[in-house]
């Protein structure tokens with residue numbers, strides 16, 4: 001089983017996910033859920049968040065951090081509902097997942113915090129050929145016809 005770490009692989013609070021998904025755990029026949037089981041769903045949810053927002057270096061000082069953290073919890077719970085829930089619980093998970101994706105798209109449209117890609121600078125060198133760079137003089141050889 002994979003081991004996931006809080007600030008790197010997900011930003012949701014595992015205790016909040018467990019508390020919010022308690023009804024699913026109880027209705028699934030009392031199956032014992034470990035923290036590692038919950039973290040798997042948190043990781044999967046955060047993977048979707050990183051994919052939609054094209055950013056994975058969130059800091060608590062980022063304006064969007066609280067909303068992303070809440071969506072990470074809600075999305076993980078939606079995944080748990082879809083995986084373990086039956087009937088209405090499954091439908092609630094699907095509806096919650098759709099709502100979370102819509103919220104993520106709204107955040108992506110208004111993203112204030114720059115992504116890592118925006119700080120990347122690419123150095124360019126000028127072309128050296130006279131035919132593509134007007135600053136390079138045309139070579140004039142001494143052509144002699146004999």
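Values in this text are rule-based calculations from the coordinates and carry no lab data. Computed from a predicted structure; not experimentally measured. Here the Cβ is made from the backbone with ideal geometry for all residues, glycine too, and neighbour counts use every protein chain on show.
In this simple spin-label approximation, residue 83 and residue 62 carry label points 7 Å from Cα along the Cα→Cβ vector, and these lie 2.4 nm apart.
For the pair residue 135 and residue 44, label points projected 7 Å from Cα toward Cβ lie 5.5 nm apart. Label positions at residue 51 and residue 111, each projected 7 Å from the Cα along the C-beta direction, are separated by 1.5 nm. The length gained on full extension between residue 124 and residue 102, counted as 0.36 nm times the residue separation minus their Cα-Cα distance, comes to 4.0 nm.
Here the extension length gained between residue 35 and residue 23 equals 2.7 nm, from 0.36 nm per residue of separation less the Cα-Cα distance.
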